[in-house]
Amino acid sequence: MKWFTTCCLFVAQVCWAQNLVPNPGFEEFSQCPSSFSTDPKDFGPSHWNSPSQGTPDYFNKCAFGDMDVPRNWAGVSFAHSGVGYAGLYAWNNTKHNYREYAQCKLSEPLKPGVFYNLQFYYRLSSYSVYAIDRIGLALLNAELKVDHDSLLDITPVLTRINELETLTNEWYLASTKYHAKGGEQFLLIGNFSSNTVTSHRKIEYREGKSVMLGGSAYYYIDDVTVSPIDIPAIDSLNLTSLSAVKPNEAYVLNHINFEFNSFQLLPSSFPQLDFLVTILKKHPPWKIQLNGHTDDQGSDEYNLTLSGNRARSVGEYLLQHGVGSDRIHTQGFGKQKPLLQGNDDQVRSLNRRVEVKFSDY
């Protein structure tokens, strides 16, 4: 994503540092797995454990039969990289809210005020009869150990929401940028939402391939990353150089300003909007997609309405300045798609935004 303002382009320059997750790809182990876990202590990859009485599994190419890679009791899948991965139940169709989680201790605590890249890869096992719409990652200051195997009462810092219409027959990336409070040192991966909140879809043709997975959604996990990154830098943009703006790129308009809790544009927004008009008149075939976003404060319904109205206000300005209505599309996302995770003023100001994407078709 590219960010531009009236006189500057906000370009994310990610500076990768050492991954703070030990054994991020589940390649290291003290003993090759021989069977699926029946006790939390059976979870075998080095530096990882189960925080609850749930029993996540470890798969590796060194094994035979049930725990092999790529063929094992839960399905058929090569690792995202290397030869090992973890597996866990993220949902089942009982009222119990049975869950499994994978936990590890980072190599050092997160530093307050520093931005981190959080990511992991996940894949629905090919014998799971159900798919669900979410999986997440949580960070804690202290190691978690509970004596039950149900849903953990933790708010994740990353939740990947999926479209259930698309079957997860491949590895998918869950990622976000996180503004650390400081002291976070334990990472957990799993589904932190109840069965009531979690949407699910039954995959009819998978019935009968595994008795254990007949009423469940089971996911493989691989390549977990927690790495510090630099705060995005600001580069200048000459407004007379329209060639700097490209089609099929997403931009954030940082100088689009509204009255407090309103979708009424302030005059300080007009130079930025006039630049958009100039771009569209310079490129008559181009169309524009305007997406509104809010921060995490307020209800979902309120933010969804406010973000949609703000995107429409930008579209109305373009319409009033000669851009055809057939070239303008608007949508509000509320607080569903934050650029960064966190609840301080700096993060919230970046998450409150209107995005624009030009298309040349």
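Pro22 meets each of the listed conditions (1) modelled with pLDDT of 95 or more; (2) not in a loop (DSSP other than H, G, I, E, B) apart from (2).
Out of (1) assigned to a loop (DSSP other than H, G, I, E, B); (2) within 28 Å of the chain's Cα centre (by Cα); (3) modelled with pLDDT under 50, the odd one out for Thr6 is which? Of the numbered conditions (1) assigned to a loop (DSSP other than H, G, I, E, B); (2) within 28 Å of the chain's Cα centre (by Cα); (3) modelled with pLDDT under 50, the odd one out for Thr6 is (2).
If we scan segment 241-252, do we find a residue that is more than 29 Å from the chain's Cα centre (by Cα), among the hydroxyl-bearing types (Ser, Thr, Tyr) and either modelled with pLDDT under 80 or crowded, with 20+ Cβ neighbours inside 10 Å (or both)?
yes
Every test in (1) at pLDDT below 90; (2) within 20 Å of the chain's Cα centre (by Cα) is passed by Gly332 save one, and that test is (1).
Taking the criterion of being at pLDDT 70 or above and surrounded by fewer than 17 Cβ atoms within 10 Å (Cβ to Cβ), the only residue of segment 229-240 that qualifies is Asp230. Find the residue count for segment 67-99, including only residues that are open to solvent by 50 Å² or more (accessible area, probe 1.4 Å) and at pLDDT below 95. Total satisfying the criteria: 4. One residue stands out in segment 253-285 among those that are among the small types (Gly, Ala, Ser) and either open to solvent by less than 10 Å² (accessible area, probe 1.4 Å) or more than 22 Å from Thr305 (Cβ to Cβ) (or both): the one that is farthest from the chain's Cα centre (by Cα), namely Ser268. Does at least one position in segment 36-52 carry a residue that is open to solvent by 50 Å² or more (accessible area, probe 1.4 Å), under 19 Å from Leu213 (Cα atoms) and of a type in the set (Val, Ile, Thr)? There is at least one residue in segment 36-52 that is open to solvent by 50 Å² or more (accessible area, probe 1.4 Å), under 19 Å from Leu213 (Cα atoms) and of a type in the set (Val, Ile, Thr). So in segment 204-228, with the set limited to residues that are within 25 Å of Gln119 (Cβ to Cβ) and of a type in the set (Val, Ile, Thr), which one is most open to solvent (accessible area, probe 1.4 Å)? So, considering only residues that are within 25 Å of Gln119 (Cβ to Cβ) and of a type in the set (Val, Ile, Thr), the one most open to solvent (accessible area, probe 1.4 Å) is Thr225. So which pairs qualify, if the first residue must be in segment 273-287 and of a type in the set (A, V, I, L, M), the second must be surrounded by fewer than 17 Cβ atoms within 10 Å (Cβ to Cβ) and part of a helix (DSSP H, G or I), the Cβ gap must be under 9 Å, and the two must be at least 6 apart or on different chains? Filtered contacts from segment 273-287: Ile279/Leu242.
The values are calculated or read from the model by the stated rules, or taken from the named source; none is laboratory data. Since the model is a prediction, treat every value here as computed from it, not as a measurement. Ideal geometry is used to build each Cβ from the backbone, glycine not excepted, and the neighbour counts take in all protein chains shown. Remember, those area values only see protein heavy atoms, side chains included, never the ligands or the DNA or RNA. Shrake-Rupley method; radii C 1.70, N 1.55, O 1.52, S 1.80 Å.
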